[in-house]
Structures are given as structure tokens and as C-alpha cells.
Protein chains: 4
Amino acid sequence: MKKIKIGAVGLGRLGYQHAENIAFKIPGAELVALCDKDEVKLNKTADAWGIPNRYTDYEDMITNQALDAVVISSPSSLHTTQIAQALDAGLHVFSEKPLGTNLEECKIAEEAVERHPELVFMLGFMRRYDPSYAYAREKIRNGDIGNVVLFRGYSQDPESCIEGAIAYAGHSGGQFIDMAVHDIDLARWMVDSEPITIHAIGGCYAHQEFGAFKDGDNVAALMQMENDAMVFLFAGRTAPHGYNVETEIIGTKATLRIASVPQKNMVEILDHHGVRQECSQDFLERFEQAYLAEINEFIKCIHDHRKPEVTVYDGTKTTEIAYQCKKAFETNELIRM
Amino acid sequence: MKKIKIGAVGLGRLGYQHAENIAFKIPGAELVALCDKDEVKLNKTADAWGIPNRYTDYEDMITNQALDAVVISSPSSLHTTQIAQALDAGLHVFSEKPLGTNLEECKIAEEAVERHPELVFMLGFMRRYDPSYAYAREKIRNGDIGNVVLFRGYSQDPESCIEGAIAYAGHSGGQFIDMAVHDIDLARWMVDSEPITIHAIGGCYAHQEFGAFKDGDNVAALMQMENDAMVFLFAGRTAPHGYNVETEIIGTKATLRIASVPQKNMVEILDHHGVRQECSQDFLERFEQAYLAEINEFIKCIHDHRKPEVTVYDGTKTTEIAYQCKKAFETNELIRM
Amino acid sequence: MKKIKIGAVGLGRLGYQHAENIAFKIPGAELVALCDKDEVKLNKTADAWGIPNRYTDYEDMITNQALDAVVISSPSSLHTTQIAQALDAGLHVFSEKPLGTNLEECKIAEEAVERHPELVFMLGFMRRYDPSYAYAREKIRNGDIGNVVLFRGYSQDPESCIEGAIAYAGHSGGQFIDMAVHDIDLARWMVDSEPITIHAIGGCYAHQEFGAFKDGDNVAALMQMENDAMVFLFAGRTAPHGYNVETEIIGTKATLRIASVPQKNMVEILDHHGVRQECSQDFLERFEQAYLAEINEFIKCIHDHRKPEVTVYDGTKTTEIAYQCKKAFETNELIRM
Amino acid sequence: MKKIKIGAVGLGRLGYQHAENIAFKIPGAELVALCDKDEVKLNKTADAWGIPNRYTDYEDMITNQALDAVVISSPSSLHTTQIAQALDAGLHVFSEKPLGTNLEECKIAEEAVERHPELVFMLGFMRRYDPSYAYAREKIRNGDIGNVVLFRGYSQDPESCIEGAIAYAGHSGGQFIDMAVHDIDLARWMVDSEPITIHAIGGCYAHQEFGAFKDGDNVAALMQMENDAMVFLFAGRTAPHGYNVETEIIGTKATLRIASVPQKNMVEILDHHGVRQECSQDFLERFEQAYLAEINEFIKCIHDHRKPEVTVYDGTKTTEIAYQCKKAFETNELIRM
């Protein structure tokens, strides 16, 4: 099996993880190039893994004729330009979410994807590749839960990471775009419908700093979908217990809950605190397998000349909904789509 | 200890339970009179329990000089008139929720209570007397969870009871007044604040019959409280697994969940369906202890010449909020209080 | 309904609870006499509850012609004599476990019960009256779990009570007689068979003090029953998390677990310790309802002129098995019954 | 990084899984040869994966000069001979458990390992590489649970696999050697001590066929270790709910439970069966990650010129204890080691 040769851009926490997975855990792929603005980090990482091709400039990297594909984990506002550049250079593209930080950016990616129907484009909605989410989705598709009544999605970052979140608050796009976007994707995927009304509220319950960016440290949105299903989203940054991504889909025949306890592993502890399970502490711990599985799927799509289930239009639609949630939150008005 | 002599009106499911509790399980009380329009049921019950005084007319019963108090479990629209009549007759009053079906009715009760400051008036928000809810409330009051970020209340009746619910749909006042009223009381009690905005949605996901009454079989509301806390309410009639009353209070320091599994008892079953817990099937099963505890508290208040924590104004406020939820649902507008 | 007039002996923790239940929570019974060697405690309690008849001598109390029945919560070694005396005085008898501290004592009780077939005798195996144990028992009887393969019973007292346990170590009869006796009763009741072999081990893992009495702070026994079912018992005094009484019955068609989390209530806490449930801290908290239910059953048996399910012979057999466990532990030999 | 070239023998379920893992999921290894008596299966598998070297004779395979190591998943009785042959041929060896089916066989392996101190030998006790077991082990080593009081290990195969188990009953060595061997290894690893007494019981509760081999379909053993810790093992073949491998370690400061619900994934279902989690159905599903991790560790040991934690002597000791359990079961005597 020919190995897909990959260049990875962005060595932040998730970008580093993607690159490391490609280098050591994805048998069908080979990491041949790395790109990051931080030359020290770039060389340190590349040295450690024995990666010969190193770039501080993304446009340089994609001229490397050895490459088959790029994996983009750069800042959100660079995504769509880098996507278009790589596709135009004849490379398959995997990009982290969000697709873009506004609709105009998303259109750039859409057009590039449409220009290159022969290339694989995939967006990093890794939750779809988590075994539990995939299992739940299959049950819904099979009709096992009947009609969907309510989708409830929680995404909570741990309080222990609050300093980084505050520092990044001006660039994140806010809670809905930065965090709730995963739940918006899951809701559309599970419920199979689009929102018609959106109401959003929230506030700064522990950290007033987010107020300066018209954001909250905890926010929520209630949406009604075209098929009548209700969607409730909650995104917070102050969970004391850990990284809590929890989803419930209430149907007329059954309810499914995914990760209602964000358990670190299968160990239960009985001590003076009671009977307890320790929790995942970040996205890398919770979604370790999903991150591997999505890159594997990307590589397989390239090998098999097929397209991933998640399309560029999912990226645009999710960004659009996240924006409307943000607008609903800022204006305190009911948004009708 | 002198026994409080009680007349009970209404022998529906809950009224029967209250009367039976008073007759056999509340040592400080004595059931001396029963009232119900249905003479056959009235006599059958009174015979079985050896209750001498029987009435098909409530106004007759409250002239009985032997009585110290009444327990009202009649249809909701009769509550406030019967409350006023009993108080004016010098009787202590326990009334089932809701206080009234609209604000005007509630005012009747308020005025009667104000006319008789020497008498005990108590409203049947039994969840406050459930040991788990009381325990959670105490933790919140102690500051153990920090600031309240989100209150989430689910009240789901089992699908197995749907026929009765459909038959009663025209008289119930709708999901928000009939079911969500308990969660509204809990939210006000736990969060200690009042709503300023209300948005409500929902629909008929399994049973179109509710549409004829501008109601849904499953509905939800999102409210923001004066102290910024968010409140999400979900009320449904189609739960396949049983009677599901579940509450979550997310705070900045801890999250509390009450009955996130509506377990019937402490038995866990491992069989070909997996590892499972069977569920409570109705309110009498889930809140058996709370129903006893609230009547005990009513009796103790009479003995101790003190007033219960829950006041007539809680009844009015809860009814008002339920009405605004209903209005929000019917108009699909954002309500600002 | 005529009230059964009861004299209660023993005002230790459990004796006090029984007496208080009878005084205030059992409508069919009336507490008319109290007996305890400690005159201060006796008068304080009797004053508080308004009990006129007070005795420091048990033999005096049972001559009181007003009594219908006695409830015995005195030290274990007094049980059988007091049982015989009360029955011979024409009184119904409820006695706490164990029946006796050896087989000879048990025979005294057996003979007294046989002399008075018209009187109700009941032994305080309260777990049988816990709703969850009763529910599990019913499932087994219905054949829902198939053949019983293994019964596993844990009884653990919390480390927080260790001082009292050490002080009482010389009088308790040891772990098997003092604690495992409840599990032995449950095993016989659930499995419906008697042991043929017994092996027992254990030791002092935290508190060497028990060694002086040929006892351990944690002990275990493995028994094979006549019907081939296996029984594993574990009794400990050092549980850090609380009062842990947990039972599992593995069958060929299903497994039942009762209280595998000894949850204090239905509140779940998510904080920096993880996702956790607080635990019951003692037998009064865990078995509050069962203690009420067993006395209710005793009273009903008297009213209905019938005998409770648990007989004096269950008491003898359970004591005998506990003794053989103790012997197996002390000798480190395999006991064949 | 040079890839370790591996020849795999045995294409049963687990052997196939090991081979597939090496072929596709272990970046540091390369599957270059396959061996199985069944030529059809051999060629079908080798064709599908593109493996050039195929052998129906193990002795032929190990002469292949391209090989660095072998992975042995052949029938248990062949293990030690094949281990010795491979080591003598200069190959690193990973062998499935059990080391041998009796002590004499184990000695063959021990001697071969001692003859080749430069080669890596590893035994397939994969549970040690499961993240939850490893996490629990670390807590014990840190002293977090205090002194170990009781180790309880359950290994239950699902009833759905009973036909295969019956067919294999004459060759498996019985429940203790075939199944409990994993728990024996875990117990020694967690408790860090060796048994001094062993008592074992059990029977045929659903399937009499095992009786013909002096075996049971469900068996249990109680052992006391040199350091006083108690060990209770239960091994069954009739679990209705799935593949149940559950472990509890009760300490004086805390209790740890691993997989007390053998959950298939993080999905919880609320339907008319109650609130439930579906279960793992076999060892490949439950220990998917552990099987990968142990081979990864084997490969890393080869690369790093170090030895795995589990030694050939662990294999011998575990086999010896399993044999004594079997003997205790067959003779119904207490074994003193």
C-alpha cells in the first residue's frame, strides 16, 4: 500500500497531535513536511521525529512536489485561504474546524473544493468518528429512537484551562464559534435538519473578562429545527470536574446519552469522597481515538478515491449557525432563519 | 400530642394517596371527613377506612365543626375558591398545585391567606420535601456550587400514560401549567431569582391530539433570570422508560444532578439487554416519601404555629411564569417580563 | 384499628430508633413502656416522648398487664432469655439479631416459641424488608435469573466508626457473628439452600486490635450450598467511603446487584473529585425504610393472626453458620457441615 | 526507525487479530510471514494482506533469515516448544498465554529464555496494558489505597459463545487454566504477593457437559496471599449480558473497581428496558487497545534493548497457581502452597 505523503501546518496542541499521529500511528500515511511560524518549535519537533522538510511559510510547503496532502491546524482565520491554496496546488486537504470565521471565508473554501472535484477535502469534525457518537448515530438512522424530540449538547472546558481561554478570548470568535460549533455539527448530523429559530443567552458567571468581547464564560442556545426537533446547546469554560462533552438525543421511542459521565477510564474509586469516576481533562484525552480515526478516514478516502461524509457545505452551514447564535446572544433577539 | 383533624377533598389518584397517608401514615393527623362528587367511590373509600363523615359537597364539609384543616386535591380550577372558603371557615389549608389556573384566581387565594394570618396555608410543591432535592438545595445555599450558571429541569411522563393525558388535554392548562410548574418552582427555589426573558418551543412528536389545544406532547423553555442564571425546562409526555424527573444545577464550583437515572430502587440487572436499572413509573412511586413529608410538614406547622417555607405568593409567581411560557410557546415570540 | 401496645428494651442506637419509630411512625402501634439499665437515658427519652412506664429491670416491664408485645434491642447475649420470658408472659416478641450467641441459647428461644404457637415471634433481619432486597428476591423466585450460580454479600462498616468497633470487639462475637450474620440470612433466603462446606480467611489489615480476639478487621468466607450455589461473604470494618452493604446474585439467566453504589440519595456531584455519589454512613441511614417496614410487618402479623416469613429456626441456622465461619477462620481448616 | 520483521503463527481469532494489528496498526513493525496448519485460511489471509512468506510448518518459518521476531498464538500445548525453537533460532518471542499447560512445559520456556538473555521474551498478559488496569496499578503502587485487603477478579464469557466453549472443553485445561489465568496474573501484579492457601468450588449450573472433564461452567477460588491479602476469583461461561471482566481491589484507604459495568462504549440507552448500557461481547472488543498496546510494548522493548515487565517466571507461577486451583476444585480439599 502506497503511503500518502503529508505536510502538516500548525504545531499548536491539536496540530502537534495530528502530526504525531500521522508520523507514528497511521500506517497508511507518512509525515514528510512540517510548517510552523515558530522556527524553534518547528525544528525541535522535526528533529525529534526525523522530518526532513521544514517550513515557516505555508506557501513554500505546498510547492513541495513530494506531497500528496496537507493537514491544516493553523489559526481559524487562515483556514480557507490555506485550503484553497493547497487544493489549487493539487493537494488533498484535511482542515481543522471551523471551516472559516465568517460566511465570506467559507465561500472561498467552497469554491476551491468545487474547482477540484478530483481531490479529497475533509473537515475536522472528529466527534463523528468517536465510536460512541458513531454508534448513537447508527441507532438513530435505524429508527431505534423514533422521532427526535430534543437534542441536548454540552461542551464544557475545564476551569483549569481558563487562563488560556481568557488570553485567546479576542481571537476565538466567541463561545458559539469556538466551542459550540462541534455541537452544531452533531445536532445537524443527528437530527438531520436545519434550524429555523435561534434564541441564545448566557453571561460571565466566574470571569468578567469575556464580557469585553461581548462573550460569556457560559452560554446557551435553544433552536427549533425545520423538522420540529428541539436543539439545546450549552457551552461553558468553567467546569470544575474536567472536559465535559455530553450529548443527549431524546426520541419518541428511546433516549440516547453519550458520555453523560466524562469518565477518564473504566476505574471507579470508592474513598472518602464517595463513589466516583475521575474525568477526562481535555479534548485530546477524550477524543484520542476519534482524532486517529478521522485522519485514517481521510487517508482511506484518498486511497479509495471517495469523499468523506462531512462536506465543505457542512462547514459553511455550521459556521453560519454559530454566527447566528452569536448574534442572538449579542442582541438578545429571537433570530428567525 | 393532639391529632389534627382533617377533611380531604378529591379522590383522584393523588387525592386518594394524600387521604390514605393521612389516615394511616401520619401519626399527628386524623382523617375525619372525605369529600368527592363520585358518591360510589366516596363511600367505598370511606367504608374501607372507617371514615364517618362523607360529603359530595365541599361547602357542606367545611361547616363540620370537628375539622381543623382541609387537604384539597380537587380539579385545578376549583383550588382558589375552595382555599378561600376553608380559610374563611377558620380551617388550615393544604392545596395541591397549581395554586390557580390564572392570575385572577391566584389573587383570590392570596387575599384569603392575607385575611387569615393565624391560619396555616401550604401549597403542594412536594419536590421540595424529597430528600435529594432538599439535600441539593442545602448545598447550593451553603455556596458549595458557587454561582448558579444553568438550571436544567426535565419532567417526563411515561408514554404508557398517554391515553389519560390525551383525554385530559383540554383541562390540564397545557404542558407548562400542568407539568413544568414543578420545575418552575424548583428553579425559583434553587436559583433564587425570577425570569426576565422566556422563549418556548416544542411540538407534537408522537401524538397530534395535543395540537388541537395549542399544546405539544413535548415542549421546552429557555429563561434568563434576573441574577443572570439560565434556566432550561423540558416537559414531555412520551418517555418510553418511565416517569423521569431529572434536575441539574450547574454552578461555577460544582454541578449537582438529581435523579439523572430515575431508578425504581437500588437493584441493577445484568441480562441480555445490558446492565440496567428499571425506572419509576409514576409520580406516586418516585415521590412517595416526599408526599408523606410535605403533609407531615403541614401538620407540624399547625402544631408549632409557624408557616411553611412555600408561600401563597410562590403559587402565584409560578402560575404566572407557567402562563408566560405557554404564551411564548403559542406565539413563538420572545417574552420579556 | 386497635393499637398494639409495646414495651421496648434497650436504648442503644438501634433500640432508640426502634422505640422512636414505634412512638411516632407506626400508626398501628403505641409505645407504652421503655426499659434500659441507664436510668438517666431512660428518663430523658421517656420524658421527651411522654412515655409513662419506665423500667430499669426487664422482668418488671413484662409484668405490665397493658403490654401486648415487646421489642428487644438489648445486648446479644440477653436475647434468648428475654425472648423466652416475654413469650411465657403472653407477649408477642420482636427481637434484634442475632437470635443468640451460640446454639444452646438459640435452643432456649426455639423451645419458647414452640411453647407459644399463638404468639407472634419475629427476628430483626431487616434487609428482607428493604424494598430493593424484596424486589430482587421476587425476581429470583419468579425464575428471572435462572439457577443461582454465585451469591456475593459485602457488609462493610465505615472506618469512621472503628473506635466503637474496637471497644466492642470482645463482646461482638467477631465479624462473622456480628456483621456477616445478615449476609448469611440473605444468602439462605435468596439461594434457598444450606451450606455444605465453609472456608474462611482474613486478617488485621489496619487495626491489629482485633487479633487479640482471634478476629480480623476484614474477613471473608466461601461456602458451597447443597444446591451447588456458591456463596462468597466479605465483612469489613475499614471502608473509607461509608456503610457499604452490597449484594450480587449471579444466575444463569441474569445477574442482580443490590446497592453496588451505597448512595446516600439521588444526588450526583460533579466537582474536582470527579463525578461522584456520596454514600450512606451507617445502617440507620441505609435501612431507614426497612427498619420501619419490619416493625410494621410485626404489628400486622399480630393484627392478622399470622406469622412472619422469618422464623426462629432461621435465627438458629444463621447463628450456626456464622459460628462455623468463625471456626473456619480461627482454625484455617475447611469445614464440612 | 527500522521496522521489526515479524512472523506470526496461529490464525485463530486472537492470532488473526495480532497479525492484523502488526500488519496495519503497529508502525514500528512489519508482518513478513504467516504460519497456520490450515492452508486455505493461510493463503486467504496472506493474499488479502499481501504477505509473501507463508508456512504450514512453524519450524520452516523460523528458518527465514528475514525475521526478527515471532508472535505465537498457536494451541496452548505448543507454546513452550515453539518459544524455545524461536529463541534458539535467534528470534525475539511474543507468546500468548498460558506459558504452558503444566510446570514441565513452563520449565522448557524458562530454560530457553535463560539461554538467550540478549533476546526479548514477552507473554500475552494483555490486561496489564489496558489503560484502566495500568491506571489502577499505578494508584496501588503509589499507596493511594493503603494496604490491599481483598482482590476480586471476575472473568465471564458470554453464554452466546457456549457452543465453542463446550467443543473446546477437553483441550482448554479447564476454567482455571483457560480463563482464571488472567485474573491470577492480575492478582499477583496488583497484590504483589503469592498465595499460601487455595480453596476452590463450582459446578455445572447450566451445562452439564463440562462435568465430563472434571470442570464446571462456573467456578470460584478463594486464596490467601503471603502478605495476608485475600484473593477471590470467579470464572464463568454463562454470562447473559456479555464479556464481563471486572476487578475490584479493596484497600484500607480506598477501593478501586475496574469495569464494574463492562460497557460497550459511552452510550447510555433509556427505553422500556430501563436505563441501560450495552456490554462488550468478547475479549477482542473489550481489550482492543490492550492488544495493540502490548505488541507495541514488545516492539519497543526490541528497539530499546530492554525487557518487558512481565517475565517468563510470571508465566510459570501463574500456570502453577491455576493448576493448584484446578486441583483444589477437583479434590475439594484446601491446598496449602
Check your understanding: How large is the helix-only mean residue ellipticity at 222 nm for the protein assembly as shown, computed as the sum of -39500 (n - 2.57) over DSSP H runs with n ≥ 4, divided by its residue count, in deg cm²/dmol to the nearest 500?
Key -> -10500 deg cm²/dmol
Point to revise | Phi to ³J(HN,Hα) by Karplus 6.51 cos²θ - 1.76 cosθ + 1.60 over region D:159-165, Hz, x for Gly, Pro | key: 3, 4, 9, 5, 4, x, 5
Check your understanding: Any idea how far the Cα center of region D:253-316 sits from the one of region D:200-237, in Å?
Key -> 22 Å
Study note, to complete from the structure: So, over other residues within a Cβ distance under 10 Å of C:Pro262, counting Lys, Arg +1 and Asp, Glu -1, the net charge is -1
Review point. Taking a label point 7 Å from Cα toward Cβ, how far is A:Ala167 from its twins in the other copies, in nm, shortest first?
Key: 5.6, 6.1, 6.6
Check your understanding: How many angstrom lie between the C-alpha centres of region A:39-60 and region A:134-196?
Key -> 34 Å
Exercise for review: State the answer as a single residue: which of B:Ile166, B:Gln65, B:Asn102 lies farthest towards the positive end of the charge dipole of chain B, with beta carbon charges of +1 for Lys and Arg and -1 for Asp and Glu, about the Cα centre.
Suggested key: B:Gln65
Review point. Treating the beta-carbon of each Lys and Arg as +1 and of each Asp and Glu as -1, no other charges, what is the dipole magnitude of chain A about its Cα centre, to the nearest 20 debye?
Key: 600 debye
Study note, to complete from the structure: Taking the chain alone as reference and the full protein assembly as comparison, with a 1.4 Å probe on protein heavy atoms only, the residues of region C:172-210 that lose at least 40 Å² of accessible area are C:His199, C:Ile201, C:Tyr205
Practice item. Hand me the trypsin sites (Lys or Arg not before Pro) from region A:253-298 located in a DSSP loop with no more than 13 other Cβ atoms within 10 Å, in residue order please. Key: none
Point to revise | Where N is the number of residues in region D:86-168, Cα Rg divided by 2.2 N^0.38 Å | key: 1.50
Review point. Around C:Leu67, with a cut-off of 11 angstrom between Cβ atoms, what is the net charge of the other residues, counting Lys and Arg +1 and Asp and Glu -1?
Key: -1
Study note, to complete from the structure: Once the mean of 1/r over all distinct C-alpha pairs in region D:37-176 is inverted, the Kirkwood radius in Å reads 18.1 Å
**Study point:** Dipole in debye (nearest 20) - region A:4-119, about Cα centre, beta carbon charges: Lys, Arg +1; Asp, Glu -1
**Key:** 420 debye
Exercise for review: Could you work out the relative contact order of chain B, using alpha carbon pairs under 8 angstrom and six or more residues apart, expressed as a whole percent?
Suggested key: 20 percent
Exercise for review: Find the accessible area per residue for the protein assembly as shown; the probe is 1.4 Å, ligands and nucleic acids are left out, and the unit is Å².
Suggested key: 35 Å²
Check your understanding: For region D:194-267, what's the relative contact order in percent, using C-alpha pairs closer than 8 Å and at least 6 residues apart?
Key -> 22 percent
Practice item. Treating the angle as unsigned and between 0 and 90°, give the value, to the nearest 10°, between the Cα long axis of helix C:39-49 and the longest Cα principal axis of chain C. Key: 80 degrees
**Study point:** For region D:4-119: lysine pairs under 24 Å (alpha-carbon distance), excluding those fewer than 8 apart on one chain
**Key:** 11
Check your understanding: For the protein assembly as shown, what is the Kirkwood estimate of the hydrodynamic radius, computed as the reciprocal of the mean inverse distance between distinct Cα atoms, to one decimal in Å?
Key -> 34.6 Å
Review point. Which percent, nearest 5, of DSSP beta bridges in the protein assembly as shown are antiparallel?
Key: 60 percent
**Study point:** Size of the C/A contact, given as accessible area buried on both chains, probe 1.4 Å, in Å²
**Key:** 1200 Å²
Exercise for review: Determine Rg/Rh for chain D; Rg is computed over alpha-carbon atoms and Rh is the Kirkwood hydrodynamic estimate from the same atoms.
Suggested key: 0.97
Check your understanding: Where the eigenvalues come from the Cα gyration tensor of region D:223-297, what are the semi-axes √(5λ) of the equivalent ellipsoid, largest first, in whole Å?
Key -> 27, 19, 14
Study note, to complete from the structure: Rounded to the nearest 10 degrees, the helix B:288-304 long axis (Cα) sits at an angle to the longest Cα principal axis of chain B of 50 degrees
Check your understanding: Under the definition of partner shielding as Cβ atoms of other protein chains within 10 Å of a residue Cβ, what is the mean value for peptide C:246-259?
Key -> 6
Exercise for review: Evaluate the relative contact order of region D:1-129 (contact order divided by residue number), counting alpha-carbon pairs under 8 angstrom at least 6 apart; express in whole percent.
Suggested key: 22 percent
Check your understanding: When the accessible area of region B:4-119 is split by element with a 1.4 Å probe, what percent falls to carbon and sulfur?
Key -> 50 percent
Practice item. May I ask for the net charge around C:His92, where only other residues with Cβ less than 10 Å from the Cβ of C:His92 are counted and Lys, Arg are +1 while Asp, Glu are -1? Key: -2
Point to revise | Binned Cα-Cα distance frequencies in region D:182-263 - 10 Å width, integer % | key: 16, 41, 32, 10, 0
Point to revise | Shortest-first nm distances, B:His272 label point to equivalent points in other copies (7 Å, Cα→Cβ) | key: 1.6, 4.8, 4.9
Practice item. Largest first and in whole Å, give the semi-axes of region C:4-119's equivalent ellipsoid, each being the square root of 5 times a Cα gyration tensor eigenvalue. Key: 23, 15, 12
Exercise for review: For chain A, find the longest principal axis of its Cα atoms and tell me its angle to the long axis of helix A:103-115, 0 to 90°, nearest 10.
Suggested key: 50 degrees
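The values are calculated or read from the model by the stated rules, or taken from the named source; none is laboratory data. In this text, all values refer to a predicted model and were calculated from it rather than measured experimentally. Heads up, the Cβs are rebuilt from the backbone with ideal geometry, glycines too, and the neighbour counts pull from every protein chain shown. Surface areas here come from the heavy atoms of the whole protein model, side chains and all, with no ligands, DNA or RNA. Shrake-Rupley method; radii C 1.70, N 1.55, O 1.52, S 1.80 Å.
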